[in-house]
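The values are calculated or read from the model by the stated rules, or taken from the named source; none is laboratory data. Everything numeric here is computed off the predicted structure, so don't read it as measured data. Glycine also receives a Cβ, built like all others from the backbone with ideal geometry; neighbour counts cover every protein chain displayed.
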């Protein structure tokens, strides 16, 4: 497999995790960084262990023929313009979540990527975690039967102690509770349930604590999902809590259930009155250094080498999840159920 030359767009907290994962992996090497603030190439070499060229103009980096892939890790409000520019420059794209903050921008990015024919990977990296790879394998094996109800919830208090708080509190920066962070849980729910969502109804509220009152949008939302085949699901996105990080998962099937890192099945030899531990490592941290980027990026580079579409977190999956998010946010704004067809 070839080694792809990667340029980083936006040098911040997420970028540090992307650079480490790419350089430690099997298919890519970070060779350039674009940042709107001055960076020292010697310091980047010392910190990351290999030469990294510094660009102050995005167009200049995108014009570099040696750069084949870009990893976009900057502010969310820049994602759409930067992804479109990268696609038009013929660069394959790794894009941090959220993909975009507006439905119109979702369509613009989708159109640009498809027109350019470039590879695309969205950082819904929880799909590549040990926990959800294991859960998906169990579901695919049929041990739980047909899952008719699922809930995946995100609890992570994002106050002043969290790096992105200063801009995440703004609607322009964070967008909504789901766009800001809960999208990981919603995306994991869609992975586990499969099928198409027909309609959502979302309710929202907000903590009375002063640090969370500074948010310009409701910091807790609960989304009820109705799938086209009649199944149902629920996703809570809670970024205004004082508690440890918790990625709650409960999936109920015709032959068994999964609860976080435990399961129970209706099979000989299993006691339905008790849970069996899977031993899967939980998703228990909001620190980007703990995210399974390397597994995801290795899969992306392998897909590029083989001329294949990115599995699990490619363009189609990214668009489908964001359609549900934008329907959920419209449901909050208009206080009514919203069909997915309304955002297509």
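List pairs: first in the range 222-249 and outside the structural domain of residue 139 (by TED's automatic domain parsing), second in a strand (DSSP E or B) and at pLDDT 95 or above, Cβ under 6 Å, 6+ apart or cross-chain? Short answer, once both residue conditions are applied: none. Within the range 201-220, can one find any residue that is in contact (Cβ under 8 Å) with a residue 24 or more places away in the chain, part of a strand (DSSP E or B) and within 19 Å of residue 132 (Cβ to Cβ)? For the range 201-220, residues in contact (Cβ under 8 Å) with a residue 24 or more places away in the chain, part of a strand (DSSP E or B) and within 19 Å of residue 132 (Cβ to Cβ): absent. I'd like to check something: does the range 93-104 contain any residue that is farther than 24 Å from residue 320 by Cβ and either touching a residue at least 12 places away in the same chain (Cβ under 8 Å) or touching a helix residue (DSSP H, G or I) at 6+ places or on another chain (Cβ under 6 Å) (or both)? For the range 93-104, residues farther than 24 Å from residue 320 by Cβ and either touching a residue at least 12 places away in the same chain (Cβ under 8 Å) or touching a helix residue (DSSP H, G or I) at 6+ places or on another chain (Cβ under 6 Å) (or both): absent.
The sole residue among 127, 114 that is within 15 Å of the chain's Cα centre (by Cα), touching a residue at least 24 places away in the same chain (Cβ under 8 Å) and either outside any loop (DSSP other than H, G, I, E, B) or within 22 Å of residue 304 (Cβ to Cβ) (or both) is 127. Which one of these is out of contact with any strand residue (DSSP E or B) (no Cβ under 7 Å at 6 or more places or on another chain), assigned to a loop (DSSP other than H, G, I, E, B) and free of Cβ contacts under 8 Å to residues at least 60 places away in the same chain: 37, 107, 46? Exactly one of 37, 107, 46 is out of contact with any strand residue (DSSP E or B) (no Cβ under 7 Å at 6 or more places or on another chain), assigned to a loop (DSSP other than H, G, I, E, B) and free of Cβ contacts under 8 Å to residues at least 60 places away in the same chain, namely 37. Residues that are part of a helix (DSSP H, G or I) and without any contact (Cβ under 8 Å) to a residue 24 or more places away in the chain within the range 307-322 comprise just one, 316. Screening residue 282 on (1) within 24 Å of residue 163 (Cβ to Cβ); (2) assigned to a helix (DSSP H, G or I) shows it passes everything except condition (2). Scanning the range 32-42 for residues that are more than 28 Å from the chain's Cα centre (by Cα) and more than 24 Å from residue 4 (Cβ to Cβ) yields 38, 40, 42. Within the range 228-247, how many residues are touching a strand residue (DSSP E or B) at 6+ places or on another chain (Cβ under 7 Å) and either under 18 Å from residue 328 (Cβ atoms) or modelled with pLDDT under 95 (or both)? Total satisfying the criteria: 10. None of 283, 332, 325 is more than 19 Å from the chain's Cα centre (by Cα), touching a residue at least 24 places away in the same chain (Cβ under 8 Å) and within 20 Å of residue 156 (Cβ to Cβ) except 332. Quick test of your reading of the structure: residue 163 fulfils all but one of (1) surrounded by fewer than 20 Cβ atoms within 10 Å (Cβ to Cβ); (2) touching a helix residue (DSSP H, G or I) at 6+ places or on another chain (Cβ under 6 Å); (3) assigned to a strand (DSSP E or B). Name the failing condition by number. Among (1) surrounded by fewer than 20 Cβ atoms within 10 Å (Cβ to Cβ); (2) touching a helix residue (DSSP H, G or I) at 6+ places or on another chain (Cβ under 6 Å); (3) assigned to a strand (DSSP E or B), the lone unmet condition for residue 163 is (3).
Taken together, 22, 94 contain a single residue that is in a strand (DSSP E or B), modelled with pLDDT of 95 or more and in the same structural domain as residue 112 (by TED's automatic domain parsing), which is 94. Do you know which of the residues in the range 284-303 that are surrounded by 17 or more Cβ atoms within 10 Å (Cβ to Cβ) and at pLDDT below 95 is farthest from residue 12 (Cα to Cα)? Per the criteria, the residue is 292.
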